[in-house]
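The values are calculated or read from the model by the stated rules, or taken from the named source; none is laboratory data. Keep in mind it's a predicted model, so treat the numbers as computed, not measured. Heads up, the Cβs are rebuilt from the backbone with ideal geometry, glycines too, and the neighbour counts pull from every protein chain shown.
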Amino acid sequence: MNPETAYRNLIIETEGVLRGHPDMAAFAPFPADVRPQDLQPTYRNVCDMMCRDTGLVSHRYPDLVHAVLAAAPHMLWRGTYDDSAPFMERWGCFTVLGEGGPFVASRLRVFVVYMPPGLYYPSHRHPAEEIYLVIAGNGRFYRAGLPDQHLGEGDTAFHASEQVHAIETQQSPMLSVVAWRSHLTTPPVLVPEADGLR
Ligand code: FE
């Protein structure tokens, strides 16, 4: 599949899922000003890891998962955090909508986050308000000030601005669509593990 077709399928499927899920629709309306932009694909090993992961079976969102996997080789895989952080070898993220993605809009940013089984994505924070929607697999979400939650397909987790959060997979991988609705260009930072978060 050529990149343009893969990008188009990805944004169509993403839009459908964001519009169709009540929590995602309540978080932010799907933007009316989505436009394509040039993208220089950037490969990371985690791309192959994701594309070979036989655990990424989705009952609710098979078309979106298929679109994510088809687009994966053509995406800019983000080095969001310092590569010396050990989890970065197996943590995967690319932008669908926003800086570094094949599309951009003024008031919403959308990422895909892949975590293989047995990965701890350590405590971090960012000024952006954020919502995760799990589209395949499952994982445990840790949020400062709230009990942790085990979430699977169709479940969402909201992270307030600067709320410290961490995510962990166990036997299953997890694939999520993640939206930001504010402070779209301020990157997240890792923070020291908070007592009791995990
Ligand atoms: Fe986050």
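Of note:
- Being more than 28 Å from residue 37 (Cβ to Cβ), within 16 Å of the ligand (Cβ to nearest atom) and surrounded by fewer than 17 Cβ atoms within 10 Å (Cβ to Cβ) holds for only one residue in 144, 160, and it is 160.
- Verdict on residue 171 being more than 13 Å from the ligand (Cβ to nearest atom), modelled with pLDDT of 95 or more and not in a strand (DSSP E or B): yes
- In segment 130-141, the qualifying residues are those that are touching a residue at least 60 places away in the same chain (Cβ under 8 Å) and away from the ligand (no atom under 15 Å from the Cβ), and the one that is farthest from the chain's Cα centre (by Cα) is 137.
- For the condition on the phi > 0 side of the Ramachandran plot and within 16 Å of the ligand (Cβ to nearest atom), residue 118 does not qualify.
- Residues of segment 66-83 that are within 13 Å of residue 113 (Cα to Cα) and at pLDDT below 95: 78, 79, 80.
- Index of the failed condition, residue 187 passing every other in (1) closer than 24 Å to residue 84 by Cα; (2) within 11 Å of the ligand (Cβ to nearest atom); (3) part of a strand (DSSP E or B): (3)
- Qualifying residues in segment 14-44 (those that are of a type in the set (S, T, N, Q) and under 17 Å from the mean Cα position of the chain (by Cα)) - the one surrounded by the most Cβ atoms within 10 Å (Cβ to Cβ): 14
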